[in-house]
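The block underneath contains the structure these notes are about, expressed in structure tokens.
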Amino acid sequence: MADRTRLDRKRHVSLKDFDPRDTGDIENKEQVEAEIEDLRDRLQEAQEKLYASRSHGVLIVFQGMDCSGKDGTVKKVLSALNPQGYRAESFKTPTAEEASHDFLWRTHKLVPQKGYIASFNRSYYEEVLITRVHGNIDKKETARRLEHIKNFEKLLADSGVLVIKIFLHISKEFQLEKLHDRLTRPEKLWKFDPNDLKERQHWDEYVRAYEDVFEATGTKRNPWHIVPADKRWYRDYRVLKIITEAFESLDLAYPKIDIERFGELDLDDETRAKLTAAKRKEAKGETGDERHKAAEADAAEDRATKAGEQAADEKATVVGDERSDAGEEAAESKAADIGDERSDAGEEAAESKAADIGVKAAHREPAEVSLKTAEGKTARVRRKAADGEAPNAGRKAAGEKPAEIGETAAPGTRKTAGRPRGARKQAPAAEVTMSAAVEDAPIEPNAPKPPSKRGRRPKES
């Protein structure tokens, strides 16, 4: 289909041979979405090379009937271009100044310089279309202007400007539908122009005028492209494909670099090797196809490298997560072990402290209680003696339990010596009972130590 819609030689052309609803072998937009993305990327890359090399300028000419979608095509298709290197121009009725010059003057001055892109929404072709339909020029003047246009485009091609000419082909029924939308939809009303209805009445005259334009100015260097435009998605796809392939036909490349000019720079070995290889390829005179294949191979290598790096990053992330999980588990396990050790140590410390307190209590409390009890018993014996009771009762009571006192007392105290010291220093039975009660009493780990009551024992009178 692309070959049939490319008009690149002088021959009779009839627009009836082109179906404006044709979409080729493509049934819907989804089938070409991936290709559209690829075309956009390629177009962006081509623009960058165009700007870097400054070897060519590119002029894109859009022509078509009213409502054919020239504005929409510029918006949707050429939005992929970097606006720093692209300019859109639209031509309406000539001003007084423009009309006072030759018919190519107003457009010639807006042709892009090398390195840049420009699109014309309508163009110098209007000077052989609307002027002819409305009788402003005759057939002879029309032919002369067509010849001037062909020579003008030859001049541009010789000057390094690529001219891409696109005709957006719609049906008369589709135009009526779009005019109706503009009248009935508030957001479209601003696009409506009453002159569109007047021009619609000259549909057939415009068709014949366009057919003469295609026949006279379609050349191998500057061909016309007929794009079916009733289906907007297919129109955008075809235009993008035509423009991208036209850019790539220029065999654009980044500026040549003389490696010798960088001799004083501290270039790494890899960069220097790449520059040397590029210079070697240039010296061999590789063709555009070979360079394209090499570029594709480099791109494939870059993609493989990026894929490898991504896989490595993902693996590193997984390993890092596993290490993090293992670290957390180890930390939790260690914390649990430390907690258990601290708990065991705390319990041992508590038990040890309780034992110490018990020993101290056994050392101190029973002795103190014994002293007090002995003093009180002696006093009672004296009172009973005074009242006439047997004076040996107290000694007998005091002497009955020396062994029990020794057995009851805590090991290591002075009461475990094994020899009785007499009635004065032996505790009576009441003391044993109180001492056992003190030893059996529960001792709180954090209880404060009882104050010391050491000192000389009072002598009995």
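What follows draws every value from the coordinates through simple rules; no lab data is involved. These figures come from a predicted structure and were not determined experimentally. Cβ atoms come from the backbone with ideal geometry, glycine included; neighbour counts cover every protein chain shown.
Can you name the condition, by its number, that residue 71 falls short on among (1) surrounded by 19 or more Cβ atoms within 10 Å (Cβ to Cβ); (2) in a helix (DSSP H, G or I)? In the conditions (1) surrounded by 19 or more Cβ atoms within 10 Å (Cβ to Cβ); (2) in a helix (DSSP H, G or I), residue 71 misses (1) alone. For the condition without any contact (Cβ under 8 Å) to a residue 60 or more places away in the chain, of a type outside the set (Val, Ile, Thr), loosely packed, with under 14 Cβ neighbours inside 10 Å and assigned to a helix (DSSP H, G or I), residue 97 qualifies.
Evaluation of residue 232 against the conditions (1) touching a Gly at 6+ places or on another chain (Cβ under 8 Å); (2) free of Cβ contacts under 8 Å to residues at least 24 places away in the same chain shows that the sole unmet condition is (2). Scanning region 90-110 for residues that are closer than 21 Å to residue 210 by Cα and in contact with a strand residue (DSSP E or B) (Cβ under 8 Å, 6 or more places away or on another chain) turns up 90, 91, 107.
In the set (1) outside any loop (DSSP other than H, G, I, E, B); (2) touching a strand residue (DSSP E or B) at 6+ places or on another chain (Cβ under 6 Å), residue 33 fails one condition alone, (2). Residue count for region 36-68 under the criterion of being among the hydroxyl-bearing types (Ser, Thr, Tyr) and assigned to a loop (DSSP other than H, G, I, E, B): the result is 2.
There is no residue in region 95-105 that is of a type in the set (D, E, K, R) and under 28 Å from residue 171 (Cα atoms).
I'd like to know if region 155-163 contains one or more residues that are under 27 Å from residue 21 (Cα atoms) and not small (Gly, Ala, Ser). Scanning region 155-163, I find at least one residue that is under 27 Å from residue 21 (Cα atoms) and not small (Gly, Ala, Ser), so the answer is yes. State which residue is farthest from the chain's Cα centre (by Cα) when the search covers only region 6-51 and only residues that are under 30 Å from residue 205 (Cα atoms) and among the hydrophobic types (A, V, I, L, M, F, W, C). Looking at residues that are under 30 Å from residue 205 (Cα atoms) and among the hydrophobic types (A, V, I, L, M, F, W, C), I get 13.
Inspection of region 63-77 identifies no residue that is in contact (Cβ under 8 Å) with a residue 12 or more places away in the chain and more than 25 Å from residue 19 (Cα to Cα).
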